[in-house]
Every structure is written in C-alpha cells, then in structure tokens.
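Peer 1: The following block contains the structure, expressed as structure tokens.
The values are calculated or read from the model by the stated rules, or taken from the named source; none is laboratory data. Every value quoted in this text rests on a predicted model; they were computed, and no experiment measured them. Because the Cβ atoms are built from the backbone with ideal geometry, glycine has one as well, and the counts that use them run over all protein chains shown. Remember, those area values only see protein heavy atoms, side chains included, never the ligands or the DNA or RNA. Shrake-Rupley method; radii C 1.70, N 1.55, O 1.52, S 1.80 Å.
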2 protein chains.
Amino acid sequence: MKIALDAMGGDFAPEETVKGAILAAKEKNIEVLLVGDKGILTDMLKQYGGNDLPIRVIHAAQQIEMGEHPVKAVRTKKDSSLVVGANLVKQKEAAALVSAGSTGAAMAASLFNIGRIKGIERPAIGTMIPTLKGPLLLLDAGANTDCRPKHLKQFAVMGSIYSQEMFGLSNPRVGLLNIGEEETKGNELTIEAYKILSETPVNFVGNIEARDILKGDVDVLVCDGFIGNVVLKYTEGLASALFAMIKEEITSTFVSKIAAGILKPRFKALKNRLDYSEYGGAPLLGIDGVTIISHGSSDAKAIKNALAVAFDIAEKEIPEKIKKQLNIEDGGE
Amino acid sequence: MKIALDAMGGDFAPEETVKGAILAAKEKNIEVLLVGDKGILTDMLKQYGGNDLPIRVIHAAQQIEMGEHPVKAVRTKKDSSLVVGANLVKQKEAAALVSAGSTGAAMAASLFNIGRIKGIERPAIGTMIPTLKGPLLLLDAGANTDCRPKHLKQFAVMGSIYSQEMFGLSNPRVGLLNIGEEETKGNELTIEAYKILSETPVNFVGNIEARDILKGDVDVLVCDGFIGNVVLKYTEGLASALFAMIKEEITSTFVSKIAAGILKPRFKALKNRLDYSEYGGAPLLGIDGVTIISHGSSDAKAIKNALAVAFDIAEKEIPEKIKKQLNIEDGGE
C-alpha cells in the first residue's frame with residue numbers, strides 16, 4: 001500500500017516533506033510516492049539518506065502556491081504535485097494523499113480528482129482537539145462555511161465511524177456545538193440539527209457548550225465549518241497567548257525566574273500535549289478515497305505522522321465503511 | 001443619578017447583590033435602587049452595614065428564575081425585581097439597570113420595557129475580552145443567534161461609540177471575526193458584511209482570524225451572537241482547562257512542586273488578568289437606556305463593578321450618542 005505525498009506543498013517543502021517521507025519509511029515502513037520536481041526530489045532524497053528506502057519519486061512539473069485561487073489552480077495546473085498526487089489515488093496507484101499545501105486546493109483536488117462518496121453532500125475536515133481527557137474529533141473544521149442540518153448529520157455519521165475505527169471506541173459520544181444545553185437553544189441551524197441528530201443512528205449525547213469542549217466529555221463534536229475553523233484557530237491563538245502571558249508573569253521577579261527555569265521542561269511537556277502536529281493532520285472525510293490535510297507549517301515529524309494516519313485510514317478502509325453505513329441508512333429509510 | 005439593581009437576580013443573590021450595592025455606594029458614591037423583596041433586602045442592608053448609605057429599597061414581590069422562558073416570564077411577572085427595575089429606567093427614575101439574573105430575561109425586559117433605539121434592529125451584548133494588549137469589545141456576545149450583514153454594521157457603529165466614550169479611544173479599530181484575512185473569505189454573512197463595513201463610517205481594519213483575536217490589534221470585534229457566544233465561553237473554558245493542565249504538569253515531580261509553590265502568586269496574578277468579572281458585566285447596546293448584564297456567578301465585587309460601568313455609560317450618555325450617530329447616517333443617505 002503506497003501513500004502519495006505532495007512533496008512541494010507546505011511552508012517548509014520540499015526539505016521537510018522529503019525528510020518526513022524518510023522518517024515514515026524508516027520508522028513506520030510506509031511506502032511513499034514523493035510527488036514533485038524529479039530533479040530536486042531525487043537530489044534531496046540522496047542528500048538526506050533516503051536512497052535505499054521504499055520511496056519513489058513521481059514527477060510533477062508544476063506546483064500550486066498558497067495565494068492561488070484553489071479551484072482555478074486545481075483546474076489549470078494539471079501537472080501540479082497536488083493534482084498528480086490526487087490522480088494517483090483516483091487511479092488506485094496510491095491508497096491515500098497527504099498535502100501540507102493550500103487547504104482549499106487540497107480540498108478542490110480531492111473533490112474533483114478523487115470524488116465524493118455517493119450520498120455525501122459535503123465532505124468535512126476532521127481535526128483532533130486536545131482535551132483534559134484525550135483528544136476529540138471536531139468536524140467540520142473549515143471545509144464548509146455554510147451548512148444545513150442534514151450536513152451536520154452526515155458529519156456525525158462520518159465522525160462516529162472514524163472514531164470507532166481509528167481509536168477503537170465502541171460507541172463514540174457525539175455532541176453538537178451549541179450555545180446552550182437545552183434542545184431549544186441555538187441558532188436556526190443547530191436547533192434543527194438537534195432534532196435530526198436525535199434520530200440519527202449515532203450515540204448523540206446532546207448540545208455541548210464551548211466552555212465544556214475541553215472537558216472531553218464527547219468523542220466527536222459536530223458544527224458548521226465556519227464555527228469549527230474559529231474554534232480550531234482560537235485554540236491555537238489562545239494557547240499561545242496564555243503561554244506569552246504566563247511567561248510575562250513568571251519572569252517578573254528574580255526568584256520566580258529561577259522557579260520558572262526549573263519548570264521549563266514541564267511547560268515544554270504541556271506545549272507538546274497541546275501541539276496538534278502530533279496528530280499528523282486532518283482527514284477530509286466524505287471523499288471516495290483518503291486525503292490528509294496537514295498544517296502549512298508542518299515539519300518532518302508532522303509529515304511522518306500525517307503519512308502514518310493516512311496509512312491507517314486506508315488500511316482500515318474507512319471510506320468503504322462510510323459507504324456501507326450510508327447504504328444501510330438508505331435501506332432503512 | 002440612580003442605578004437600579006435587580007437584587008434578586010444571580011446565583012448568589014441577594015447576599016452578593018446587597019453587598020455589591022454597599023461597595024458601590026461606599027467606594028464609588030453611587031446611588032442604588034435595590035429592587036426586590038422589601039423585607040429581605042431591608043434586613044440584609046442593615047446586617048451588612050448599608051443603612052446610612054444612598055441605597056433605597058424598591059419592593060418587588062416576584063422574581064424570575066434561571067430556568068424560566070425569558071419572554072414568558074417577563075410578560076407574566078410584572079412585579080418581578082427585573083421588570084420593576086426595567087420600568088424604573090423607562091420612567092427615568094433610574095439611569096440604568098444592572099442584573100445578574102437570566103441573560104435572556106434581562107434582554108427581554110430591556111427590549112419590552114425600556115425599548116430599542118429607533119433604527120437599531122438588533123441590540124447586541126458587548127463583552128470585554130482580555131488580550132495581550134488590553135481588553136477588546138466583542139459584540140454580539142449572544143443576543144442574536146442569527147444575524148444579517150446590516151446588523152453587523154450596526155454592531156460596529158455602536159461598538160465604536162462605546163469604545164470612544166468609555167476608553168477614550170479617538171478612532172477605535174473595528175475588525176470582523178472571520179476565517180481568513182482576504183475579503184473574499186468567509187461565509188455568506190461575513191463576505192457580505194465585509195463589503196458593508198468597508199462603507200460604514202467606522203475605522204474598519206478588515207477581517208480578524210480567531211488565532212489573532214488575543215493579539216489585541218483591534219478595539220472592537222464584530223460577529224453574530226452565536227459565534228460571539230462560542231468565543232466568549234471558549235475563552236472561559238480554554239483558560240480553565242489550560243490552568244488544570246499546567247497544574248497537572250508542574251506538580252508532577254517533587255522539585256517542580258516547590259517551584260510551582262514559588263510561582264503561585266504569579267499564576268494568581270495571571271488568573272486575575274483573565275478574570276472578566278473585573279470588567280463588571282456586559283452592556284446591552286442598542287436599547288433606549290442602559291442595561292448591564294452581569295455573569296450569573298457575580299460576587300459583590302463584580303456587582304460593584306457592574307454598577308460602576310452602568311453609571312459611566314449613563315453619565316456619558318452613550319445611548320444618546322448612538323441615536324445621534326444614527327441620525328447623521330440617515331441624513332447622509
């Protein structure tokens with residue numbers, strides 16, 4: 001089973017993507033198709049000692065830049081590393097695609113070149129958020145800025161299957177991100193979604209208020225992609241702002257500076273706990289294949305983790321399981 | 001100038017509301033109309049030494065509970081402390097109303113009994129969020145779960161006036177909470193709101209992504225009330241989860257426990273910095289009077305601060321200034 005890696009996508013590509021591929025091949029025994037400029041990638045593979053590993057370079061002459069219009073770029077740059085990578089998945093030459101390039105472009109290439117699962121109207125980005133009791137899966141984290149209630153239902157079904165398969169949860173708890181606990185609370189979308197989710201064959205436990213997200217009382221949290229993206233980015237921003245404030249406070253006196261020095265490794269441990277590059281990128285659930293969208297600033301370790309997650313999803317045949325579930329539901333209706 | 005206080009509203013009412021009124025009268029020389037059960041309040045005032053202060057008890061036989069339907073409760077409980085308080089503002093016997101009871105009921109009483117400013121379609125809750133560079137005003141923090149672009153425009157105008165008057169900012173920077181920096185990014189609401197805000201006579205500086213909220217690069221941040229409420233509550237939840245994680249990490253070894261002990265006062269300083277009871281409650285902007293909605297868990301200090309903020313808003317005639325600005329805009333159209 002081979003995983004295609006958009007080697008030219010990401011803030012630190014191709015150095016970190018190549019190094020990440022090497023780590024994945026060495027440590028996880030994953031076969032990687034490194035897609036991008038053949039000359040550059042071949043040299044770099046050699047330079048970083050990746051020659052005798054199960055990594056093959058697939059040439060793609062173009063690359064999609066961060067500022068480009070996603071749909072336009074994917075439609076016109078047929079020979080870009082991203083589009084070539086997506087086509088490898090379409091043609092079953094690769095079991096999955098990983099990209100740390102433009103999120104919009106990765107979504108567009110996945111939709112156009114790999115395609116949606118029949119019956120899924122809106123594929124969603126699933127992101128792991130660290131909580132006090134381990135990570136939860138938040139979806140949609142940004143693929144769909146305006147959603148209808150039935151989309152949230154599909155997110156719940158896909159998220160449940162993902163959590164079952166990837167984390168071995170037998171009956172994942174699904175929550176709806178909302179602004180009150182009662183079922184009558186919320187906006188037009190969430191009030192209607194509550195009703196639909198109550199009748200969906202998932203373990204729906206009700207509304208989750210934002211102040212309770214990090215308590216970790218649900219395994220899957222569904223919301224529209226606008227709010228999901230705000231939550232995801234605010235988690236990032238709030239954590240880093242708090243660390244900045246902590247630093248300011250604890251280095252304000254001589255004695256506290258010494259104490260802070262002693263605690264440094266503990267703060268580092270905490271930062272790692274909050275570091276979502278550990279989770280290796282976000283799956284795009286609902287496409288008829290596997291795409292992992294990694295953070296633009298991914299380093300080699302994050303790329304390695306993304307390749308490992310992609311491998312896992314493909315091996316566990318999660319898209320097939322989503323299809324099967326949709327068929328069961330259709331049959332039951 | 002007298003301020004009406006819903007003495008029966010809040011998790012710790014009437015003890016903390018009475019004590020808060022006493023603090024406000026003593027420290028800030030504010031005249032308080034303490035609305036609620038005359039017997040209870042009179043006894044309590046005496047008990048806490050508030051007899052010789054400019055505090056007058058106004059009897060109200062009923063009170064609105066947290067679980068009640070806001071609109072129904074306000075319409076049927078005409079003799080509740082909240083409704084009687086709102087009527088004091090309507091009748092110009094009080095310059096402002098403060099309540100730590102049900103947010104929904106306080107909004108309903110303000111809308112029905114005090115009324116909207118002509119031209120304002122949707123009054124909004126403004127909340128102070130602490131940032132790395134001082135607090136910013138977020139609105140709407142939860143009054144309107146579904147908004148149209150023109151509502152966000154009015155939030156921007158009201159927020160600008162509030163920041164000018166309350167914090168002496170000459171040209172407050174207004175941002176739109178969105179999921180990308182470019183003006184083409186966002187959902188249907190924010191893409192349209194961006195255009196309208198660009199033509200509004202405020203200092204609109206563009207989109208603010210959630211990861212940048214706490215950098216403090218804007219003074220006023222507008223968004224719909226659903227997302228604003230999520231941001232507000234997530235700030236609360238994330239900060240407390242991070243403190244819990246920090247505690248877990250820094251007390252994991254003997255030496256780090258000692259270091260943590262030394263840093264305790266510093267962490268406390270940080271917690272105070274993040275504590276929004278310091279800001280004394282949230283104004284409901286857009287009503288034809290002054291209402292301050294305080295956190296349900298308000299203690300005496302929070303109530304005192306809320307009374308002080310209410311006094312300030314009334315003294316600075318912010319509702320009148322909002323009216324004036326709307327007239328100018330109408331004239332210019």
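Peer 1: With the requirement that a residue be among the small types (Gly, Ala, Ser) and either part of a loop (DSSP other than H, G, I, E, B) or outside the structural domain of residue A:94 (by TED's automatic domain parsing) (or both), what does segment A:65-80 give you? So that I can check it myself, show each step before the final result.
Peer 2: Filtering segment A:65-80 for residues among the small types (Gly, Ala, Ser) gives A:67, A:73, A:80.
Listed by number, the list holds a single entry, A:67.
Peer 1: Can we say residue A:118 is at pLDDT below 95 and of a type in the set (D, E, K, R)?
Peer 2: Answer is yes for this residue.
Peer 1: In this structure, does residue A:131 turn out to be modelled with pLDDT under 95 and within 13 Å of chain B (Cβ to nearest Cβ)? Before you say what the answer is, go through the steps one by one.
Peer 2: Working: modelled with pLDDT under 95: yes; within 13 Å of chain B (Cβ to nearest Cβ): yes.
So residue A:131 fits the description; yes.
Peer 1: Moving on to the next point. Is it fair to say residue B:292 is closer than 28 Å to residue B:118 by Cα and out of contact with any Phe, Trp or Tyr (no Cβ under 9 Å at 6 or more places or on another chain)?
Peer 2: Values: closer than 28 Å to residue B:118 by Cα: yes; out of contact with any Phe, Trp or Tyr (no Cβ under 9 Å at 6 or more places or on another chain): yes.
It is true that residue B:292 is closer than 28 Å to residue B:118 by Cα and out of contact with any Phe, Trp or Tyr (no Cβ under 9 Å at 6 or more places or on another chain).
Peer 1: Can you tell me how many residues within segment A:148-179 are of a type outside the set (D, E, K, R) and either open to solvent by 50 Å² or more (accessible area, probe 1.4 Å) or within 9 Å of another protein chain (Cβ to nearest Cβ) (or both)?
Peer 2: If we filter segment A:148-179 for residues that are of a type outside the set (D, E, K, R), which is where we start, we get A:149, A:151-152, A:154-164, A:166-172, A:174-179.
Cutting the leftovers down to either open to solvent by 50 Å² or more (accessible area, probe 1.4 Å) or within 9 Å of another protein chain (Cβ to nearest Cβ) (or both) gives us A:164, A:167-171, A:177-179.
So the count comes out to 9.
Peer 1: Hey, another quick one. Name the residues in segment B:75-109 that are open to solvent by less than 10 Å² (accessible area, probe 1.4 Å) and more than 16 Å from residue B:7 (Cα to Cα), would you?
Peer 2: Listed by number, the list holds a single entry, B:108.
Peer 1: Okay, moving on. When you scan segment B:21-41, do you find a residue that is touching a helix residue (DSSP H, G or I) at 6+ places or on another chain (Cβ under 6 Å), over 19 Å from residue B:300 (Cα atoms) and open to solvent by less than 10 Å² (accessible area, probe 1.4 Å), even just one?
Peer 2: No, segment B:21-41 contains no residue that is touching a helix residue (DSSP H, G or I) at 6+ places or on another chain (Cβ under 6 Å), over 19 Å from residue B:300 (Cα atoms) and open to solvent by less than 10 Å² (accessible area, probe 1.4 Å).
Peer 1: Do we have any residue at all in segment A:224-247 that's of a type in the set (Asp, Glu), over 24 Å from residue B:271 (Cβ atoms) and assigned by TED's automatic domain parsing to the domain that holds residue A:31?
Peer 2: Of the residues in segment A:224-247, the ones of a type in the set (Asp, Glu) are A:224, A:236.
Subsequent filtering for residues that are over 24 Å from residue B:271 (Cβ atoms) retains A:224.
Going one step further and asking which of them are assigned by TED's automatic domain parsing to the domain that holds residue A:31, we end up with none.
No, that holds for no residue.
Peer 1: Filtering segment A:110-119 down to residues that are open to solvent by less than 10 Å² (accessible area, probe 1.4 Å) and among the hydrophobic types (A, V, I, L, M, F, W, C), which residue is nearest to residue A:319 (Cα to Cα)?
Peer 2: Restricting attention to segment A:110-119, the residues satisfying the condition of being open to solvent by less than 10 Å² (accessible area, probe 1.4 Å) are A:110, A:114, A:117.
Then keep just the ones that are among the hydrophobic types (A, V, I, L, M, F, W, C); that gives A:114, A:117.
Details: A:114: 12, A:117: 8 Å.
Of everything passing the filter in segment A:110-119, A:117 is nearest to residue A:319 (Cα to Cα).
Peer 1: Provide a single number: the residues in segment A:214-239 that are out of contact with any Lys or Arg (no Cβ under 8 Å at 6 or more places or on another chain) and without any contact (Cβ under 8 Å) to a residue 12 or more places away in the chain.
Peer 2: 2
Peer 1: Tell me, which strands (runs of 3 or more DSSP E) lie completely within segment A:183-291 with 3 or more residues that are away from every other protein chain (no Cβ under 12 Å)? Step through it out loud before you land on a result.
Peer 2: Details: elements: A:203-209, A:220-222, A:282-285.
So the answer is A:203-209, A:282-285.
Peer 1: Within the bounds of segment B:89-103, is there any residue that is closer than 30 Å to residue B:215 by Cβ and either assigned by TED's automatic domain parsing to the domain that holds residue B:308 or in contact (Cβ under 8 Å) with a residue 12 or more places away in the chain (or both)?
Peer 2: So far as segment B:89-103 goes, yes, one or more of its residues are closer than 30 Å to residue B:215 by Cβ and either assigned by TED's automatic domain parsing to the domain that holds residue B:308 or in contact (Cβ under 8 Å) with a residue 12 or more places away in the chain (or both).
Peer 1: Give the residues of segment B:58-107 that are among the β-branched types (Val, Ile, Thr) and closer than 24 Å to residue B:312 by Cβ, sorted by residue number. If you could, list the steps in order and put the result at the bottom.
Peer 2: Residues of segment B:58-107 among the β-branched types (Val, Ile, Thr): B:58, B:64, B:71, B:74, B:76, B:83-84, B:89, B:98, B:103.
Within segment B:58-107, B:58, B:84, B:89, B:98, B:103 qualify.
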